[in-house]
Amino acid sequence: MRKKHKISTETMLIILIFLFGIFTYISSITGGELSERIAMQTGWDIDASGQVYKEVDLNEFVLTPQDRGQEVTLSMQLPQKYISDPLLVFHVKHATIQVSIEGEEIYAYGQERYEENHMVGYGNHLIELPDDYMGKTIEVVVVAGEEDSYSNFRVPYICNAKNVFRDMFLEKKIILGINLFLVTFGLLILIISIFFSFRSKNFSKLIVSGLFSLSISLWSICNYDLVMLYTCRLETKPYLEFTTLYLCPLFVYLYFWSDIMKRKEKLIRVIYLSLLGVQAVFFVGMAVLHGLNIIHMPALVTVQHVIIMLMVLSYVALMIYDIKKKQYERNALAIGMLALVIISALDIIRYNTLVYASSHMRDSFPSLLYLGGLIFVLSQIVDFYSEVSRKMYEGAKAEALERLAYTDSLTGLANRRKCDDLFDELDMSEKVYGILTFDLNNLKLTNDTQGHESGDVLLIKFAEVLQSIFGEAGTICRMGGDEFIVIIQDIKVVDVRALVDKMEVAIDKINQEDENLHLSTAYGFCRSNEPRCKDVKSVYRKADARMYKQKNAMKKYAMD
């Protein structure tokens, strides 16, 4: 047990050192301050469905949630301050956008997708401004593409086009570092576990762990608008974000599949399978409804939240039940799952309080789920390693016990118990097998004249001869005393006569090297397809009878 604990600790330390190295590296290459930018927080005139608001401060401005087709127009006089290579960063959620300066359109996005009733997408629009933008009037027309699309706007800003991605990177480098680790880690775990799963079913858990790591990290990258570092196609973000969001609970629950299926409590299995089935049906149903353009992915967030909360409650109830029964031992997994459960529950409560209790939907919702995902993934690896270590320990222990139970302690050959088991197997086999029986001569004489230690040497030497000659052809057993047996399970591929000749040559060589040994044996052989050999015991008796016949002949020859 100490060894297991020590190795698990070392594994965790290696993971933590690896994480620390990633963060240190990111910090070293992303040092520096944000480039200059002009925040456009105040001075907006807003027309929302005929309702006009003057000199609006966007940090304080809130609309009723905008439904599909509702139009909002924002206009203001651009700042007099100059920035080279000017780029306007304007965030819009689930809406088309059209931007004009002094009545001339400079940017448009989403109209075609809107007309086809597809998800328009959302995120930061990077709008190139003319170099002489200062003091000119800008007008932004936004049309909601989904129900309850948005109720407010982030503060847009003007920055240098060359520094926009660098600044995005700098602002959220730690979050990006954690999620890049989860992506890399998930891919590595997935590749390794798929390879090893062909050898062991245990690695199927790691496949699920790798998929979860990828899903939670990709969702978080979208949630923090970091996906723009890889693609500026805003329609990609909602597909990636909502697909991974709806897959994450499925992967979390699948990790516990083998554990739940082993449990005796039928009710626990039924609840688990029901929730797993609900999540799977929900995901497939969501994909079908979205594919048919009936309901888009964002509209089903509340349904997913309800399912997640049911999963959270079921896990907490199961943990309490196991603690009361004193049968909860997987501490690493408990810590990781509790972290994920707590952060998930708090995120869901915060989100829905913001949406329903506050009667409006904020433009951004920075989730901490990536931290829960990181802790859970690390706990899964420690849990998997501990489980594999335990199974290896139990397997080695069982193998050692089996070796003790089925091995002759003196010669290292199989013992009579092993032989009896093989006899049972042979009775069910259709192959033609053969049995060789041996009786070691001179054992009693050696014990009486030279002592039992010399007799043991004689037995060990004979066992070594049998192992060297017949080891690849069959199973060698010591039946007890001076009796040995070789079981050849497929006699058609073995030349018994040639092997016996080799044995006799080997015995003569040993006797020449050590004149005090006097190694000698009588043997008998019988095939299972010989007359009156109806079962393994009759084959053994016939081989044994032939061995004793040879032994008697050898005694008579010695007397003559």
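The values are calculated or read from the model by the stated rules, or taken from the named source; none is laboratory data. If you're wondering where the values come from, they're calculated on a predicted model, not measured in any experiment. Every residue, glycine as well, gets a Cβ built from its backbone with ideal geometry; the counts of neighbours run over all protein chains shown. Ligands, DNA and RNA are excluded from the accessible area calculation, which covers all protein heavy atoms including side chains. Shrake-Rupley method; radii C 1.70, N 1.55, O 1.52, S 1.80 Å.
The table below lists the values:
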item: Residue within the stretch 248-262 that is of a type in the set (S, T, N, Q) and either modelled with pLDDT under 90 or open to solvent by less than 50 Å² (accessible area, probe 1.4 Å) (or both) present; result: yes
item: Number of the condition not met by Phe282 [criteria: (1) over 23 Å from His94 (Cα atoms); (2) at pLDDT 95 or above; (3) touching a helix residue (DSSP H, G or I) at 6+ places or on another chain (Cβ under 8 Å)]; result: (1)
item: Scope the stretch 400-421; condition surrounded by 19 or more Cβ atoms within 10 Å (Cβ to Cβ) and either free of Cβ contacts under 8 Å to residues at least 60 places away in the same chain or part of a helix (DSSP H, G or I) (or both); matching residues; result: Lys418, Cys419
item: Of all residues making up the stretch 140-177, the number that are in contact with a helix residue (DSSP H, G or I) (Cβ under 8 Å, 6 or more places away or on another chain), surrounded by fewer than 19 Cβ atoms within 10 Å (Cβ to Cβ), farther than 19 Å from Cys232 by Cα and of a type in the set (A, V, I, L, M, F, W, C); result: 2
item: Search result, residues across the stretch 43-97 that are open to solvent by 40 Å² or more (accessible area, probe 1.4 Å), modelled with pLDDT of 90 or more, of a type in the set (Ser, Thr, Tyr) and out of contact with any Lys or Arg (no Cβ under 9 Å at 6 or more places or on another chain); result: Tyr53, Tyr82
item: Residue ID - farthest from Thr521 (Cα to Cα), chosen from residues in the stretch 437-469 that are out of contact with any Phe, Trp or Tyr (no Cβ under 9 Å at 6 or more places or on another chain) and not in a helix (DSSP H, G or I); result: Gly451
item: Within the stretch 189-220, tally of residues that are closer than 17 Å to Phe376 by Cβ and either open to solvent by 10 Å² or more (accessible area, probe 1.4 Å) or of a type outside the set (Phe, Trp, Tyr) (or both); result: 18
item: Near pairs, Cβ below 7 angstrom, 6+ apart or cross-chain, from the stretch 442-471 (surrounded by 13 or more Cβ atoms within 10 Å (Cβ to Cβ)) to any residue that is among the small types (Gly, Ala, Ser) and in a helix (DSSP H, G or I); result: Leu443/Gly455; Thr446/Ser454; Thr446/Gly455; Asn447/Gly455; Val465/Ala506; Ile469/Ala506
item: Checklist (1) of a type outside the set (A, V, I, L, M, F, W, C); (2) out of contact with any Asp or Glu (no Cβ under 7 Å at 6 or more places or on another chain); (3) in contact (Cβ under 8 Å) with a residue 40 or more places away in the chain applied to His296, failing item; result: (2)
item: Residues of the stretch 285-300 that turn out to be touching a helix residue (DSSP H, G or I) at 6+ places or on another chain (Cβ under 8 Å) and β-branched (Val, Ile, Thr), as a count; result: 1
item: Members of the stretch 98-113 found to be more than 19 Å from Thr137 (Cβ to Cβ) and crowded, with 18+ Cβ neighbours inside 10 Å, listed by number; result: Tyr109, Gly110
item: Subset of the stretch 472-492 that is in contact (Cβ under 8 Å) with a residue 12 or more places away in the chain and part of a loop (DSSP other than H, G, I, E, B) - its residue that is most open to solvent (accessible area, probe 1.4 Å); result: Gln489
item: Hits in the stretch 263-272 (condition: surrounded by fewer than 19 Cβ atoms within 10 Å (Cβ to Cβ) and assigned to a helix (DSSP H, G or I)); result: Lys266, Leu267, Ile268, Arg269, Val270, Ile271
item: Residues satisfying the stated conditions in the stretch 86-138, i.e. under 20 Å from Leu58 (Cβ atoms), of a type in the set (Phe, Trp, Tyr) and not in a strand (DSSP E or B); result: Tyr122, Tyr133
